[in-house]
Structures are given as structure tokens and as C-alpha cells.
Amino acid sequence: MIIFPGKRYPDKLSRLLREQNEIMKTQRIKDQRGTLWMHTRKGLAPLEISISNRENGRFLTGFTLIELLVVIAIIAILMAILMPALKRVREQARDVSCRSNLKQVGLVMFMYLQENEFKMPKVWWTDHWGWCNEYYWRHSDGTYYKPTENDSYWGTAFKEYVNDTRIFGCPSFKNAHEMQSIAKLYGCDVKEFYDSAYALNAYLDGEGVNTIRNQSEVIVSHDHVEPRIEQGHDAGHNDMLCRGVESVNLSHYRQGGERQDWYRGIFRHNISRGGNWETGGTLNTLWLDNHVSRIKETPGNDIPNRYYDPKGKHLTLP
């Protein structure tokens, strides 16, 4: 169609010419190679964008394979950076929960002591074996064990003051034992471990706490895999953090010990190393004055005997 510039046309013809010009401006065609072309006043011109789809009258652009791979690589890098941080945050949450539970255990003990002339309960015979050296809170019929029964957990001595036995549980303790593929200590069902996560210092058995000095330096309970701890009935059976008469602590759980597979369940918080007998971690400790603190993994040379045996009845002081 030929348009004569500058020449006037009747209104109807002008309108038709304008409409035809608009159609020519917006009409698009595609050649055999997929390139889009558009009619213009100067002829056909290729569009500058890549078209992959058309939806609701609009042309949409798509991603190339290279662009998708770049996005996936960026996501993978971000995950590699964030995952260790998320793991640390999760472990910190377990650590805080554990210390909170130990603090509540201390309050339960204090209520017991107030009503029992400030004497610790009897949980230990003079023999190595005996009461409160297992993980059980209840019989199969749901009734509580008595602390004088051999299969009982030491927390049963305080059951009248315990509303929820879960305060005796540690999230990291539960996690450590669920990952174990070997038989559990004393053959207990793993579920029995959940609310029996802390070890009691057997050397406070029946002691009057008002006669003990420096209570902030006397251990009552801490993270462990053994329910009740003592120096052991012979060499190589030390369950305590102090060395006692041996060259290293926890000999029962270190390399060559009868329970060497369980060492990593003791210093079970903030683990930074992967060795069988080295975690680089910490354990949480309840002291007699009811404060809770961490103890870093140690061979025992910095833990004096008096922390467990303040009167020197069982271990040579200090």
C-alpha cells in the first residue's frame, strides 16, 4: 500500500490507513530457524529477545542450561557453608537443654535434702554392685522401682519430687545411644536410656551435705553413660573424671577398656574430633551448691580426687 505524505484524505480513508499501519507495526512472523521477525515501516526486522513460550498473550523468556547449572552450583556452595553452622546451632540447643535439665535435677535434690536432714539418699553398697546402677524408672506394670532394687536408676530416690522424669534426660545422650550398633550397657532397651542420662557420684552416698566444705567444688552428677560412678573395684575400671590411682581417667572407657566403644557418649557436647577415644567435646556437671558448668575433655590431671570424695573416705586427697 502506498501512502502519499502530506496529502489529505477523507476521514474514512485516513482511519483505514492508520489501522493498516498499526497492523504492520505489530505483526510478527517466525522463520524456519525460530527467529522472530516484526513488520515495520522499514520492512521486516528481527526481535532482540529469545522467545520460549507464550502465555496469556505475552512472550516469556527461558533459562539456558548454563544458567541453571550456575544457579545449582551457587545453591550447593551456600549449603556447604550453612550446614556446619546449622549443625553447631543444633548442638548448642542440645547443650542448653541438657544444662537446664541438670539445673532442675539440682532443685529436685535440694527439695529432697530439705526434708531429709540434708542427707543424700543411700544408693550404693560397699560392694561395687548394688542399688541404682541401672537405667530403669518403672516396672513393666508402670509402678516405680524402689532405689533399693538392683535394676533401679538413682533418680528413683527422688521420685516424690519429680513431676517429669524427662529432666533426667539429655538430647545428646539419646542421640549418641541411638547411633550405637553394639549391645547396650547391661542389656537395657535403648528407650530406657532416654530419661537416665546422668551419672551420680556414688561417694556422696548417705553423706550429710552440711558437713561438706567447698560445696561449689563437689560433683554430684554429670553427663556419662554409666548410671552410678565410682573408682572401680579394681584397676582399669575407673568411671570418674579424676585419675585416682591410675595414670589416666575413665580407664574403663578408653582404648583397651571393657567399655571402650562407649567413650564418645561421655564428652558428648560440642564434639569437634572424630577419634574413638577423643571427641574434643565437653560434658555438663551439677555441683553440690546447685550450679551447673561445663568440663572440657580431659585425661584427668586437672580433676582432683576431692571433687568426688570431699572427705577422703574412698580416694586419697586431694
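The residues of the stretch 270-305 that are farther than 17 Å from E226 by Cβ, modelled with pLDDT of 95 or more and not in a loop (DSSP other than H, G, I, E, B), listed by number, are T282, W287, V292, S293, R294, K296. Of all the numbered requirements in (1) outside any loop (DSSP other than H, G, I, E, B); (2) modelled with pLDDT of 90 or more; (3) closer than 24 Å to G169 by Cα, R264 misses one, and that requirement is (2).
Quick check: anything in the stretch 294-314 aliphatic (A, V, I, L, M) and buried (at least 22 other Cβ atoms within 10 Å of the Cβ)?
No: zero hits.
In the stretch 228-236, the count of residues that are under 23 Å from V123 (Cα atoms) and part of a strand (DSSP E or B) is one or more. Taking the conditions (1) within 20 Å of the chain's Cα centre (by Cα); (2) farther than 18 Å from F173 by Cβ in turn, T279 satisfies each one other than (2). Here's a check for you: in the stretch 243-269, which residue that is among the aromatic types (F, W, Y) and in contact (Cβ under 8 Å) with a residue 24 or more places away in the chain is nearest to E230 (Cα to Cα)? It comes out as Y253. Counting only residues that are crowded, with 19+ Cβ neighbours inside 10 Å and of a type in the set (G, A, S), which one in the stretch 243-271 is nearest to P299 (Cα to Cα)? Taking the candidates together, the pick is S251. Counting only residues that are under 18 Å from W154 (Cβ atoms) and in a loop (DSSP other than H, G, I, E, B), the stretch 205-219 holds 4 of them. Residues in the stretch 178-204 that are at pLDDT below 90 and surrounded by 21 or more Cβ atoms within 10 Å (Cβ to Cβ): F193 alone.
The values are calculated or read from the model by the stated rules, or taken from the named source; none is laboratory data. What you are looking at is a predicted structure, and each value in this text was computed from that prediction instead of being measured. In this analysis, Cβ positions are derived from the backbone assuming ideal geometry, glycine residues included, and neighbour counts consider all displayed protein chains.
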